[in-house]
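The values are calculated or read from the model by the stated rules, or taken from the named source; none is laboratory data. None of the values given here were measured: they were computed from a predicted structure. Cβ coordinates were reconstructed from backbone atoms using ideal geometry, including for glycine residues, and neighbour counts include every protein chain displayed.
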Amino acid sequence: MEIRKADKSDIEGIVNVYRVCFPRELKHQLWIEASFHSYPRGIYYVISDEERICGYILWCVKNGFREKTIIELEQIGVHPDSAGRGLGKKLIETSVRQFKDHLGSLGHAVGAILVTTSEGNYAEHLYQSALGVSRAAVIQGYGSGSEVILYNNHLS
């Protein structure tokens, strides 16, 4: 499995994973293309085998380009056909280093990491173990339920 920064030719593969992972969302292509064009603020990374994109992650700068900025894991998806193989954790751990390097090349350090997820989502434990985040707040009635805000501002 290869993890790398996505390029324009990966948009269709990212959309395919997004569509399967988030079926209630609308206009998948439009969302991915708009987010893709947020560079250098946001970058998609993909994990792929020799045949197709198995998953993607979108990292974004949350609070502007500062000396120490906050980054957000805005979205991650692993195709159900590839789930259960540890690809999500591998994608998170590898891509966060790549995104930190990207920001470093622009002259910025990462001071904190933010990620949100639906309350009760198994991914909360994944984020805690992979990123060292912990619960900072819960927003009741967010979307279809409650949203958990996870945060880590004790980065070394």
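Values computed for the structure shown
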| read-out | value |
| --- | --- |
| Close pairs (7 angstrom Cβ cut-off, 6 or more residues apart or separate chains): within 11 Å of G77 (Cα to Cα) in the range 87-102, modelled with pLDDT under 95 and of a type in the set (A, V, I, L, M, F, W, C) anywhere | L87/M1 |
| Sole residue being on the phi > 0 side of the Ramachandran plot and touching a Gly at 6+ places or on another chain (Cβ under 9 Å), chosen from G64, G84, G120 | G120 |
| Pair list, Cβ under 8 Å, 6 or more apart: the range 117-128 residue of a type outside the set (G, A, S), other residue in a helix (DSSP H, G or I) and buried (at least 17 other Cβ atoms within 10 Å of the Cβ) | T117/A123; T117/E124; T117/Y127; L126/G88; L126/I92; Y127/I92 |
| Within the range 113-125, tally of residues that are of a type in the set (D, E, K, R) and either surrounded by 16 or more Cβ atoms within 10 Å (Cβ to Cβ) or assigned to a helix (DSSP H, G or I) (or both) | 1 |
| Residue that is modelled with the highest pLDDT, among those in the range 103-120 that are closer than 20 Å to R24 by Cβ and more than 15 Å from the chain's Cα centre (by Cα) | E119 |
| Filter result for R135 (surrounded by fewer than 15 Cβ atoms within 10 Å (Cβ to Cβ), in a helix (DSSP H, G or I) and out of contact with any Ser or Thr (no Cβ under 7 Å at 6 or more places or on another chain)) | no |
| Test: R24 is more than 15 Å from E74 (Cα to Cα) and touching a Ser or Thr at 6+ places or on another chain (Cβ under 9 Å) | yes |
| Strands (runs of 3 or more DSSP E) fully within the range 1-112 counting 1 or more residues that are surrounded by fewer than 18 Cβ atoms within 10 Å (Cβ to Cβ) and among the charged types (D, E, K, R) | 2-5, 68-78 |
| Number of the condition not met by Q128 [criteria: (1) touching a helix residue (DSSP H, G or I) at 6+ places or on another chain (Cβ under 8 Å); (2) in a helix (DSSP H, G or I)] | (1) |
| Residues within the range 138-156 that are surrounded by fewer than 12 Cβ atoms within 10 Å (Cβ to Cβ), small (G, A, S) and farther than 18 Å from G77 by Cβ, tallied | 2 |
